[in-house]
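Right, one structure below, let's go through it.
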Amino acid sequence: MSQGFTLIEILLVLGIISILTVGAVSVFLVFRPSLQLGGAVQELIGDLRYAQQSAITEQKEYCLQFWPVEKKYYLKKCDGEIIKEKKFPLEIISLNVNGFTNNEIRYNPYGAVKEAGSIILENIEKKQKTISIKPSGFISLSD
C-alpha cells in the first residue's frame, strides 16, 4: 500500500480553505471603512503633534494646511518648506475644517495654535470623527 492523500481529500481541504478565505475577505471589506477612518485620524493627530513638537524644538512656526475639496493636507514649516503631503483614502468622503483662517493650523514656538478649531472626517458609512484643537495646542478626539 502506498501512503498519501487521495484526490478527494485534497479537493476537500482546498474547498474548506477557499470558503474560509472568502469569509475572511468579506469580513475585512465590511470593517475597512471604519479601519481607514481610524487610521487616517490617528495619522493626522500624529502629524499635529509632530508639528507642535517641531515648532517648540526649532523655535519656528509649523503649519498644517488643509485642502478640503481634494481631501488632503500639507505638513510644512510656515515659511514654505513642505515636509509631508497626505491625501486621505477613498473611504474618507468628507473633510471639514472649522475655525482656522485659510484652513491652516499654525503652531507657534511655544506649541500653542494661532486659533482654536476642529477637523471633522467622515467615511462612506457616514461615521464621523472630530479632532478639536484648543488655543493651548491641546488635541482631543471625539466621535
task = May I ask you to list the residues in the range 69-97 that are more than 20 Å from Gly38 (Cα to Cα) and not in a loop (DSSP other than H, G, I, E, B)?
result = Lys76, Lys77, Ile82, Ile83
Search result, residues across the range 98-141 that are surrounded by 13 or more Cβ atoms within 10 Å (Cβ to Cβ), among the polar types (S, T, N, Q) and not in a loop (DSSP other than H, G, I, E, B) = Asn103, Ser118, Asn123, Gln128, Thr130, Ser132
request  = For Leu29, work out the one condition from (1) without any contact (Cβ under 8 Å) to a residue 40 or more places away in the chain; (2) under 18 Å from the mean Cα position of the chain (by Cα); (3) closer than 29 Å to Ser132 by Cβ; (4) in a helix (DSSP H, G or I) it doesn't fulfil.
outcome  = (3)
ask   = Could you say whether any residue in the range 53-62 is of a type in the set (Asp, Glu), surrounded by 16 or more Cβ atoms within 10 Å (Cβ to Cβ) and in a loop (DSSP other than H, G, I, E, B)?
value = yes
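Could we say that Gly80 is over 19 Å from Val113 (Cα atoms) and small (Gly, Ala, Ser) here? Before you say what the answer is, go through the steps one by one.
Working: over 19 Å from Val113 (Cα atoms): no; small (Gly, Ala, Ser): yes.
In short, no.
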Meets criteria (within 30 Å of Asn108 (Cβ to Cβ), surrounded by 17 or more Cβ atoms within 10 Å (Cβ to Cβ) and over 17 Å from the mean Cα position of the chain (by Cα)) for Lys76 = yes
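Laboratory data are not the source of any read-out in this text; all were calculated from the coordinates shown. What you see is a predicted model; the values in this text were computed from it and never measured. No Cβ is skipped: glycine too gets one built from the backbone with ideal geometry, and neighbour counts run over all protein chains shown.
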